[in-house]
There are 2 protein chains.
Amino acid sequence: MPIRLRDIAQDLNLSTMTISKVLRGQTDVSAETKARVMKRVRELNYRPNIAARGLRTGQTSSIGIVVPRLGGAFIPVLVEALTEVFRRDGYSLIVGCADGDAENEERESELHLSRQVEALLFCVREDAADIPQPLKNSSVPVVLIGHRPARINLLSVGLREEEVGSLAATHLLACRSRRIAYMRGRRTAVADQRVTGFREALRDRNIPLREEWLVELDSEESEFAAAYIGVRKMMQSAPRPDGIVCSSDLAAAGCCSALQKAGFTVPEQVQIIGAGNSPEICEPFGLTSIDLSAAELGRRAARMTLRLIREADDASLRSMTLSPSLVVRTSTRAPS
Amino acid sequence: MPIRLRDIAQDLNLSTMTISKVLRGQTDVSAETKARVMKRVRELNYRPNIAARGLRTGQTSSIGIVVPRLGGAFIPVLVEALTEVFRRDGYSLIVGCADGDAENEERESELHLSRQVEALLFCVREDAADIPQPLKNSSVPVVLIGHRPARINLLSVGLREEEVGSLAATHLLACRSRRIAYMRGRRTAVADQRVTGFREALRDRNIPLREEWLVELDSEESEFAAAYIGVRKMMQSAPRPDGIVCSSDLAAAGCCSALQKAGFTVPEQVQIIGAGNSPEICEPFGLTSIDLSAAELGRRAARMTLRLIREADDASLRSMTLSPSLVVRTSTRAPS
DNA sequence: TTGAAAGCGCTAACAT
DNA sequence: ATGTTAGCGCTTTCAA
């Protein structure tokens with residue numbers, strides 16, 4: 001049984017109010033009483049019951065987030081950034097993991113709402129076409145992170161996905177590749193946007209894209225293996241590509257491996273560029289990669305959330321998208 | 001403002017009790033009333049206030065965990081396994097991330113206790129010599145995950161770290177390496193245990209370990225770079241090692257890269273074995289690795305926790321350690 | 001089958 | 001400077 005305010009009050013022959021005041025740093029308590037209370041509080045390891053406090057004050061000082069999974073390079077960085085900003089303001093972030101399942105996403109969202117979180121963040125799966133029902137008529141502010149599905153009208157913080165494609169293409173062009181291939185991810189809205197950005201960047205410079213250079217990763221295989229296989233086929237086309245943009249770092253690693261095995265040199269004969277900027281994959285291969293700005297996304301989302309909580313429905317708040325950024329390593333040449 | 005039981009009750013001219021009963025599936029309510037209530041509940045998107053319920057019943061159906069960080073290959077798998085087992089029993093897991101900081105570990109532990117979690121899990125940092133104060137006299141069950149610091153007398157679920165070293169050594173021996181080196185991690189209790197296991201495995205077979213083959217990774221560098229540098233020096237010794245056990249997959253990747261660059265073949269001339277079994281690192285390099293059983297650790301810890309919650313202080317529960325397991329890929333040869 | 005009363009631990013507002 | 005009262009939203013208990 002945890003200690004209650006009342007236990008301390010009875011102990012010291014004081015009222016619960018006095019204890020409560022001391023604990024919250026109210027000033028209308030004598031220094032002596034304060035000292036006695038604090039002493040006993042520490043001795044007994046008293047810890048206030050947040051639920052009871054929240055019930056009374058209507059403030060739980062907690063914010064919920066639902067993420068599809070916990071692994072990978074993106075989510076952990078995002079969540080740590082959110083946690084840090086929230087912590088500074090006395091909020092704590094409650095993470096609910098849905099294990100990639102839409103039903104769990106709904107359950108976790110409801111749980112958060114039942115816990116009276118003051119705001120709810122939702123990290124949208126790349127392949128999601130919709131969001132859980134509970135978010136749609138939530139009584140607390142909701143912020144989406146990642147892409148915003150069509151026709152969903154909630155505040156969101158996302159990435160300019162087309163720029164992932166265009167940034168990669170532009171960099172390869174600057175590094176004197178002219179025959180640029182794209183190894184695209186599975187059919188999701190996000191993957192499509194990246195391809196679009198890629199195509200537009202090439203078109204803007206009047207660089208042709210041959211359709212046999214636009215390869216989709218076989219979804220039966222792991223991304224690495226799929227890219228490994230895919231790139232071999234790609235290299236049999238004539239002319240051969242001299243630069244490859246990949247939809248993920250793992251796919252880029254697959255390309256590097258296969259190319260080296262086949263006797264091509266990276267970056268001299270073929271330049272490679274990945275996406276995700278996962279240090280564990282990029283460092284071993286010296287992969288140039290597109291960073292998806294997880295930390296910055298988290299900070300922006302956190303600040304937006306805090307403003308929403310404070311200022312109810314501030315009309316000045318608008319959804320925003322951030323730009324990805326290029327991180328150059330050795331799988332691309334020095335730009336001219 | 002969220003909807004309350006009372007709102008629904010007034011709406012339907014019933015008492016809050018009736019609504020409450022319907023929601024909890026009590027049977028002493030007429031079918032008709034039940035239907036009316038459920039209809040309105042859905043229309044209004046009513047969600048019970050978990051805090052208020054918990055205050056009354058003393059059950060929050062939530063369990064807290066504090067982890068040092070969210071990234072890497074171990075924690076996400078652990079947390080997902082815990083989540084899944086708890087979910088089946090109607091508990092939800094609240095994850096608190098300490099960003100690798102001991103002070104935050106204490107804060108997050110206190111927060112969980114303040115939230116009246118029914119049990120508290122704590123994932124011990126590898127370099128931790130102690131655990132947060134709040135865990136030591138917690139009024140709810142505490143389970144440690146990972147290694148248990150000396151003189152801490154709490155239930156724990158951990159890995160037999162020495163077996164990580166011995167399993168690796170034994171496998172290399174079975175694959176006909178005789179000059180086996182060890183690339184050890186930074187000075188932590190866990191790293192020491194692994195080295196111990198490694199040494200003992202060699203000693204048991206009367207295989208000598210030369211001290212220049214026991215290299216510690218330079219902690220100024222990333223693990224990959226440190227291993228890359230370390231292995232080059234190691235290969236200048238005479239005789240040269242023909243097998244290397246690494247304290248992490250990333251270090252193993254560094255070894256592979258450096259060796260290939262220097263013209264050595266893996267696994268023909270030198271066999272490499274990593275630890276962690278992180279798919280993203282192991283697959284590209286075909287790394288044989290020691291799996292740290294994160295998922296199984298999670299399941300065991302979850303079951304232990306549930307029993308602790310139910311059976312108060314069940315004397316039959318004891319700390320346990322699980323064995324790591326070997327995952328063979330292509331950086332080691334076929335055993336003879 | 002339905003409902004009234006009391007109280008979980010805490011704090012806002014108001015006495016004393 | 002300290003204490004009293006009332007009530008947050010819910011459920012246990014018991015009465016109608």
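Values quoted throughout were computed directly from the atomic coordinates according to the rules given, and no laboratory measurement underlies them. Just so it is clear, the model here is predicted, and its values are computed rather than measured. Reconstructed Cβ throughout: ideal geometry from the backbone, glycine too, with neighbour counts over all protein chains shown.
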Taking GluC sites (Glu not before Pro) as candidate sites, keep only those in a DSSP loop with at most 16 other Cβ atoms within 10 Å, then name the longest stretch of chain A containing none of them. A:1-125
GNM on chain A, Cα springs under 10 Å; top mean-square fluctuation among A:K233, A:K136, A:K21 goes to A:K21
Using only Cα atoms, tell me the angle between helix A:74-88 and the longest principal axis of chain A; keep it within 0 to 90° and round to the nearest 10. 30
Work out the FRET efficiency for A:E220 and B:V140 from their Cβ-Cβ distance, taking R0 = 41 Å, and round it to the nearest 0.05. 0.35
For chain B, radius of gyration divided by Kirkwood radius, i.e. Rg to Rh on alpha-carbons: 1.14
Spatially proximal aspartates and glutamates relative to A:K34 (Cα-Cα < 20 Å; intrachain offsets below 8 disregarded): A:D7, A:D11, A:E43
Approximate spin-label separation A:R232-B:V327, in nm, with each point projected 7 Å along Cα-to-Cβ: 2.3
Shortest first, in nm, what separates the label point of A:Q59 from those of the same position in the other copies (7 Å along Cα→Cβ)? 3.2
Just to verify a number: FRET efficiency for B:S319 and B:R151, C-beta to C-beta distance, R0 = 22 Å, to 0.05? 0.95
When the Karplus curve 6.51 cos²θ - 1.76 cosθ + 1.60 is applied with θ = phi - 60°, which whole-Hz ³J(HN,Hα) does each residue of region A:243-256 get, with x for Gly and Pro? x, 10, 9, 10, 7, 7, 5, 5, 5, 4, 4, x, 4, 3
Would you list A:T288, B:T60, A:T188 from fewest to most Cβ contacts within 10 Å? A:T188, B:T60, A:T288
How far, in degrees from 0 to 90, does helix A:189-204 lean away from the longest principal axis of the Cα atoms of chain A, to the nearest 10? 50
Taking H placed 1.01 Å from N in the peptide plane, check which residues at least 5 places from A:I145 or on another chain put their amide H under 5 Å from its amide H. A:F122, A:C123, A:V124, A:V157
Taking the simple approach of a point 7 Å from Cα along Cα-to-Cβ for both A:Q26 and B:Q59, what is their distance in nm? 3.5
Label distances, nm, B:Q10 versus same residue in remaining copies, Cβ-directed 7 Å point: 3.6
Checking the cross-link filter: which aspartates and glutamates have an alpha carbon closer than 12 Å to that of B:K136, excluding same-chain neighbours under 8 positions apart? B:E106, B:E110
Other-copy label distances relative to B:E32, 7 angstrom Cα-Cβ extension, nm: 6.9
Using a Gaussian network model on chain A with a 10 Å cutoff between Cα atoms, which of A:R115, A:R125, A:R88 fluctuates the most? A:R88
Cβ density ranking, 10 Å radius, fewest first, applied to A:M1, A:M304 yields A:M1, A:M304
Can you tell me which lysines have their Cα less than 30 Å from the Cα of A:K261? Leave out same-chain residues fewer than eight positions away. A:K233, B:K233, B:K261
With the Cα gyration tensor of region A:166-274 giving a ≥ b ≥ c as the square roots of its eigenvalues, does the rule (a/c under 1.5 for rounded; else a/b larger than b/c for prolate; else oblate) give rounded, prolate or oblate? oblate
Once both axes come from the Cα atoms, what is the angle between helix A:294-310 and the longest principal axis of chain A, in degrees from 0 to 90, rounded to 10? 40
Across B:L70, B:L259, B:L14, the residue with the highest GNM fluctuation in chain B (Cα network, 10 Å cutoff) is B:L14
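Under the rule a/c < 1.5 gives rounded, and otherwise a/b versus b/c splits prolate from oblate, where does region A:5-48 land using the Cα gyration tensor? Working shown, then result.
Numbers: a/c = 1.41, a/b = 1.34, b/c = 1.05.
Because its axes are fairly even, with a/c under 1.5, region A:5-48 counts as rounded.
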Calculated from DSSP helices alone, with each H run of at least 4 adding -39500 (n - 2.57) and the total divided by the residues of the protein assembly as shown, [θ]222 nm to the nearest 500 comes to -13500 deg cm²/dmol
Of A:S289, A:A226, A:P239, which is farthest towards the positive pole of region A:161-292's charge dipole, taken about the Cα centre with +1 and -1 on the beta-carbons of Lys, Arg and Asp, Glu respectively? A:P239
